[in-house]
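One structure is given below, encoded as structure tokens.
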Amino acid sequence: MADRIADIWGARTPHGADSPWPVRVDQYLAEGVPEGEVQWVPSACVLCSNGCGMDIAVHSGQIVGVRGRASDRVSHGRLGPKGLFGWQANNSPDRLTEPLVRRDGELRPASWDEAMGLVVERSRQVLDEHGPLAMGFYNSGQLFLEDYYTLSLLVRAGIGTPHLDGNTRLCTATADFALKETFGTDGDPGSLRDFDLCDTIFAVGHNIAETQTVLWARILDRLHGPDRPRLVVVDPRRTAVAREADVHLPIRNGTNLALLNGIQHELIANDRVDRAFVDAHTVGFDQLAAIVADYPPERVAEICGVPAEDIRAAARILGSADRLVSTCLQGVYQSHQATASACQVNNINLLRGMIGEPGRTVFQMNGQPTAQNTRETGANGDMTALRNWQNPDHVADLARIWNVDPLQIPTWAPPTHVMQIFRHAETGSIRFLWIVGTNPAVSLPELHRIRSILAQENLFVVVSDAFLNETGHLADVVLPAAVWGEKTGTFTNHDRTVHLSVKAVDPPGQARPDMDIFLDYATRMELKDKDGAPLIPWRTPEECFEAFKRVTAGRPCDYSGLSYEKLRGSPGIQWPCNENAPEGTERLYADHQFNTDTDYCEDYGHDLATGAAHERNDHAALRTNGRAILKSTHYLPPHEAPSEEFPLLYTTGRTVYHWHTRTKSRRAPQLNAAAPEMWVELAAGDAERLGVREGDLVRVESARGAIEARAHVSGVREGVVFAPFHYGYWDLPDGGATDGDPTENGATGDGPGGNGRRRAANELTVTEWDPVSHQPLFKVAAVRVEKVADGGGVPSPAPTTTTARPVSGDAPGTSGGDGVRETVEEAREETR
């Protein structure tokens, strides 16, 4: 028995590179449920991008627990805390069970006919009066492939608007663009098994221990095994990952590119480049070498605020690796030179000749469980099946499959990213906005602006969700949606592994699967193909999957060899899966032929400094001939630097116990109890200068707004203030909610432990984005901090088990308490 709140990663099962990762099956059942009476339904976890295979326990028509699947290629039976406990949100009494329609300023219950009738009526009015460019759609990274593909076809070919994006724009848009810039198309080239085989790991801005707990358990088992890989970590906080590092580089926020240029400088200067590989399989080396020549360790040390010798030590480790796995996430992606920095991580592996082979790869990690599917289906800023929106042949081929006129698919400009969608709504050119499974009133930057846009009278807002969150309170129509476990569908993780999740229980009340809602809308809107037949021909998830297989055939994300039957109970299968690779493909580019041919590539590339899009002739001039592209550019400082008025750097991030804006995770008692309230982290030196002690109430203010929360004195870099982004405006620590108005400062409540203060981290963040991926900045803002009230010696609510562990040992340890223990058992023979 184990307390998996206190022991996040579970028991160690160490192993060496010459042996497979051992199986450990994690399980949690609600108290009092007889295991012998449980029905187990196959699925996978949707509470991070790892996509761990699991089975859902069903008893008396209700989800009552989960267990890891021993045979799963991703997790080998393991589950993290969110996977073990997060399912309880499905059973929450707070679930939306009927549509809501705004009448006389209030959201009131309505029938589906009334709600959908109003949505369709307003859609037709907007289309008649303003055209398709007045229609916008913003979806999630947590739906299923079948939901996304239905939405993509509906919006791209039915409505005919380019204004479709996913909240993957906030987490992994840069991963998508960095892969396209370097390798020609999306899709991480490696396999999670490469972490079992490598001798060196390079983690840049990636707090693996909290964002992908099972992956960190996998890495820990190597780090504690007989042939420990070396670990280099770049992070301004002393994370659990950093504590295991051979070299930890706690750089200043926003200086990733300077550091990565400096490491490449050292690789080239010390002859640590595989020149035979570079000459045969890449283009762009000479320009790269000329740029990084300007970044010797002493200059980089001055920019990044870390010792030059530590930079050299990191470069020596990377330069002497035989099997290197590099990875990055939000610390790279949510910054002003995001794509440029992510491309340098790709470059380091390419300079070392380490791609496409066991233990040699780069991971541009995803943050959400189905982020990969938004990109593959075209439900964000990409064309369906990794086609190139600038390539007329790709567009014509897609139009042929959809049986529509190519001109109906909006490709006269890039698909619109969410920050621009909200700008169009702000100026009145978008009049209809449908938000699906996401909470921008908490998750987007500069929240007072976002709230004001959503509250505009001339913007009709539709929200599909399982709970009434901050965004739903600002909607005109709210549609109750089914969630994981209540519908059937597929989803793909960050190493291209596809899982099938089978419906385990019915959704509550009148809640419906997202795909069914979109089909109802398409039918009511009378969307047709060019022959007058229904635009969307499928009616079931499996029929949709079969249609998606056809649209991917011959493209990099080829699903044509997959089927529901093949996926049912499988350990997960990696795309491409087709007649040439019927069991899937573990690694891309094993032949070192990349998807960069001009006629095949997904994107013609960009200038990394300005974001200017290249055209076909620009790309053709590279003469790639299947070679990877070494993209490079110079470091530029962030636009908002600390000043006398705002002397500290502000950054946001995640905690292991919560998921996005806590819409679901705060309704899991164990997760909510582990991290019930907002906190802000200060370095010990900064806290002393400010006269702040652990638990004091502080006010953090930027040029855009302010938040108040208890201070936590942690191992964060001096000069940096960290805040978790999960917390909203009026959700209470016990999981309840007030009737507060999210257009105001927040709900009422008294004292440091109350709720009468603004507590959403994105009050402070800036409306700015990377020029290539258009991913917003959440890692760099200038703030000031002042003490508001004495904490009375009560510690902050920050968990003590993770990055936020206190610098002193005074705070009580975070634990799950009674009823939280999960069972770890040897895998049953029949589940192997």
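General remarks:
- Rg/Rh for segment 41-125 stands at 1.20; both radii use Cα atoms, and Rh follows the Kirkwood definition.
- Computed from backbone phi with θ = phi - 60° and the Karplus coefficients 6.51, -1.76 and 1.60, the 3J(HN,Hα) list for segment 521-530 is 4, 4, 5, 5, 7, 6, 6, 10, 7, 6 Hz; x is used for glycine and proline.
- In summary, the aspartates and glutamates within cross-link reach of K779, defined as a Cα separation below 18 angstrom excluding same-chain residues under 8 places away, comprise E210, D235, E446, E640, E681, E701, E718, E763, E768, D770.
- Remark: segment 91-183 is approximated by an ellipsoid whose semi-axes, taken from the C-alpha gyration tensor as √(5λ), come to 30, 21, 12 Å, largest first.
- Sum of -39500 (n - 2.57) over DSSP H runs of 4+, divided by residues of the chain (222 nm, nearest 500): -7000 deg cm²/dmol
- Extension gain, A413-N458: 0.36 nm per intervening residue step, less the Cα-Cα distance, totals 13.7 nm.
- Ascending count of other beta-carbon atoms within 10 Å, so fewest first, for H336, H712, H224: H224, H336, H712
- Counting only lysines at least 8 places from K180 when in the same chain, those with an alpha carbon closer than 18 Å to its own are K631.
- Restriction of the GluC sites (Glu not before Pro) in segment 30-101 to DSSP coil positions whose beta-carbon has at most 14 other beta-carbons within 10 angstrom yields E31.
- Straight-distance crosslink candidates among lysines, where the alpha carbon sits under 25 Å from K503 and sequence neighbours closer than 8 are dropped: K82, K487, K549, K566, K664
- Taking the chain and dividing mean pair separation by its residue count, relative contact order in percent (alpha carbons under 8 Å, at least six apart): 20 percent
- Backbone N within segment 640-662 under 13 Å of label point (7 Å from R299 Cα along the Cβ vector): none
- The C-alpha radius of gyration of the chain, expressed as a fraction of 2.2 N^0.38 Å, stands at 0.88.
- Shown here for segment 425-515: GluC sites (Glu not before Pro) in loop regions (DSSP other than H, G, I, E, B) with at most 11 other Cβ atoms within 10 Å, namely E457.
- Beta bridges per DSSP with both ends in the chain, % antiparallel, nearest 5: 55 percent
- J(HN,Hα) series, segment 172-186, from Karplus relation 6.51 cos²θ - 1.76 cosθ + 1.60, nearest Hz, glycine and proline x: 9, 4, 5, 4, 4, 5, 5, 5, 5, 4, 8, 10, x, 9, 5
- Antiparallel DSSP beta bridges within segment 410-564, percent to nearest 5: 35 percent
- Cα gyration tensor shape for segment 598-689, rounded if a/c is under 1.5, else prolate or oblate: oblate
- Local charge for G437 was computed over the other residues whose Cβ lies under 10 Å away, with Lys and Arg +1 and Asp and Glu -1, and equals -3.
- Leading residue at positive end of dipole, the chain (Cβ point charges), from V505, V306, A674: V306
Taken together, the values in this text are just the output of simple stated rules run on the coordinates, not laboratory data. For clarity, every value in this text was computed on a predicted model and none was experimentally measured. Positions of Cβ are backbone-derived with ideal geometry, glycine not excepted, and every protein chain shown enters the neighbour counts.
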